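Take a look at the structure below.
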């Protein structure tokens, strides 16, 4: 890259996993060359200070259902959106299924390796209520989103069925 006299150039970078915390960088120096009649000669800059902004993780979750068979079978869609200021690594969504409810298709745990800033992810599970428990006051399905296996960022729930 060549810059004319007085030009500036900004370099942006991120630290992965870029989670909240204090980061020590440096000292950093630049090695550059100045053209002359006898060729270019390298110059090392004075130490450069960097401002590192903390990446703030944020996950927004929601659930909605579609009735497949009234009071018996529902298709649940679970959505997760990265609303934070950093890329999320190793996201795990855990769905809690109460007694009297069975998963017909899908799984109670979903893993997302990377979810970039502003990106979203959704998946579906098909649940069925046990026949002899089709009339009840409603079951609550819960989902929670975690990063690094134990840091909970978000949760949501939905009440289904009932008479």
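Taken over the stretch 91-109, residues that are within 16 Å of residue 146 (Cα to Cα), assigned to a strand (DSSP E or B) and more than 8 Å from the chain's Cα centre (by Cα) amount to 6.
You will find that of 68, 76, 112, 127, the residue that is part of a strand (DSSP E or B), modelled with pLDDT under 90 and either touching a strand residue (DSSP E or B) at 6+ places or on another chain (Cβ under 7 Å) or over 28 Å from residue 148 (Cα atoms) (or both) is 68 and no other. In the set (1) assigned to a strand (DSSP E or B); (2) over 24 Å from residue 130 (Cβ atoms); (3) modelled with pLDDT of 70 or more, the condition left unmet by residue 34 is number (3).
For the stretch 131-140, check the following and say yes or no: at least one residue is surrounded by fewer than 15 Cβ atoms within 10 Å (Cβ to Cβ), in contact with a strand residue (DSSP E or B) (Cβ under 8 Å, 6 or more places away or on another chain), modelled with pLDDT of 90 or more and assigned to a strand (DSSP E or B). No: the stretch 131-140 contains no residue that is surrounded by fewer than 15 Cβ atoms within 10 Å (Cβ to Cβ), in contact with a strand residue (DSSP E or B) (Cβ under 8 Å, 6 or more places away or on another chain), modelled with pLDDT of 90 or more and assigned to a strand (DSSP E or B).
The values are calculated or read from the model by the stated rules, or taken from the named source; none is laboratory data. Because the structure is predicted, anything quoted here is derived from the model rather than measured. Quick reminder, even Gly has a Cβ in these numbers, built from the backbone with ideal geometry, and neighbours come from all protein chains shown.
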